[in-house]
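Peer 1: Structure incoming, see below.
The values are calculated or read from the model by the stated rules, or taken from the named source; none is laboratory data. Given the structure is predicted, the values throughout are model-derived calculations rather than measurements. Heads up, the Cβs are rebuilt from the backbone with ideal geometry, glycines too, and the neighbour counts pull from every protein chain shown.
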Amino acid sequence: MIKYHSQFLLDKEKDKPDARLRYRIKWSGNIVAFNLGFRIEIEKWSIETQRCKANTTHGKKKTPASIINRNIQKFEQACEETFKFFEVQKQIPTREEFQYSFNKQIDRVEKIVLEKSFFEYYNDFIKEEASVNQWTIGTKQKLNTVKNHLQNFDSELSFESFTEEKFVEYVSYLQKELKFKNTTVMKNISFVKWFLKWSVRKNYNKHTFFENFRPKFKNTQKKVIFLRPPSLSSLENTTYLQLKSILNG
């Protein structure tokens, strides 16, 4: 369970009878604060309950305490739900990850309007990174191969739909449909994460779950060979080089 402390605070300004209301949250060395969008008259605020006093109004618009208090409750619930989300993921969120998930809970996330498709941006990624990092032809081919796998997996992929659940489905596709070995799957995942990191840096994508996406694979057991007594006797008279030749086929 993630331990955190949250508190509603008034940002008091000199010689002003009211103050901005903000919500501060602390956890694991991280601190974030969210503005609720209300100005609270200081004398009408209860520090004990962290609520506006009943039957009061606040600010120039004379906003009723009941409306402000409902928003306070909404922020508290959003905080709880956000931490629950990361607890299920067994992940301590970064400031950016928490802010994004929290804002999503309170419907503050701005929808990104994109001019191109997921795969068109993938092409831009290859073109730009190849130029900056002086990729070899082999690296370009590998990235294009990964793009083909993604397209065959889901030709309608978008940054919005490529969630952690979708990434898990993609890994399953590589394992079950394409019959890739674990090492090949891991290389594929690293290339996809490279592209997603680029997309976040370019502000095309708001999802950052991939930074901590590390699927666990079952280790394949090595085949154990049991030798009968005649074989053991023969093995005793076998030199190391002969044995190495036999084992390597």
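Peer 1: Provide a single number: the residues in the range 60-79 that are surrounded by 13 or more Cβ atoms within 10 Å (Cβ to Cβ), under 27 Å from Glu211 (Cα atoms) and without any contact (Cβ under 8 Å) to a residue 40 or more places away in the chain.
Peer 2: Of the residues in the range 60-79, 1 are surrounded by 13 or more Cβ atoms within 10 Å (Cβ to Cβ), under 27 Å from Glu211 (Cα atoms) and without any contact (Cβ under 8 Å) to a residue 40 or more places away in the chain.
Peer 1: Any idea which of (1) surrounded by fewer than 15 Cβ atoms within 10 Å (Cβ to Cβ); (2) in a helix (DSSP H, G or I); (3) polar (S, T, N, Q); (4) at pLDDT 85 or above is the one Ser231 doesn't satisfy?
Peer 2: (4)
Peer 1: Restricting to the range 157-177, name every residue that is over 19 Å from Phe119 (Cα atoms) and in a loop (DSSP other than H, G, I, E, B).
Peer 2: Within the range 157-177, just Glu177 meets the criteria.
Peer 1: Quick one: is Arg24 touching a strand residue (DSSP E or B) at 6+ places or on another chain (Cβ under 8 Å), of a type in the set (Lys, Arg) and either surrounded by 13 or more Cβ atoms within 10 Å (Cβ to Cβ) or modelled with pLDDT of 95 or more (or both)? I'd like the intermediate steps shown before the answer.
Peer 2: Values: touching a strand residue (DSSP E or B) at 6+ places or on another chain (Cβ under 8 Å): yes; of a type in the set (Lys, Arg): yes; either surrounded by 13 or more Cβ atoms within 10 Å (Cβ to Cβ) or modelled with pLDDT of 95 or more (or both): yes.
Yes, satisfied.
Peer 1: Condition (residue is loosely packed, with under 15 Cβ neighbours inside 10 Å and over 16 Å from the mean Cα position of the chain (by Cα)) applied to the range 99-109: is it met by at least one residue?
Peer 2: Yes, the range 99-109 contains a residue that is loosely packed, with under 15 Cβ neighbours inside 10 Å and over 16 Å from the mean Cα position of the chain (by Cα).
Peer 1: Take Lys90 and tell me if it is within 21 Å of the chain's Cα centre (by Cα), on the phi > 0 side of the Ramachandran plot and either modelled with pLDDT under 90 or part of a helix (DSSP H, G or I) (or both).
Peer 2: Criteria met by Lys90.
Peer 1: Looking at (1) without any contact (Cβ under 8 Å) to a residue 40 or more places away in the chain; (2) assigned to a loop (DSSP other than H, G, I, E, B); (3) not small (Gly, Ala, Ser), which is the only condition Ile40 fails?
Peer 2: (2)
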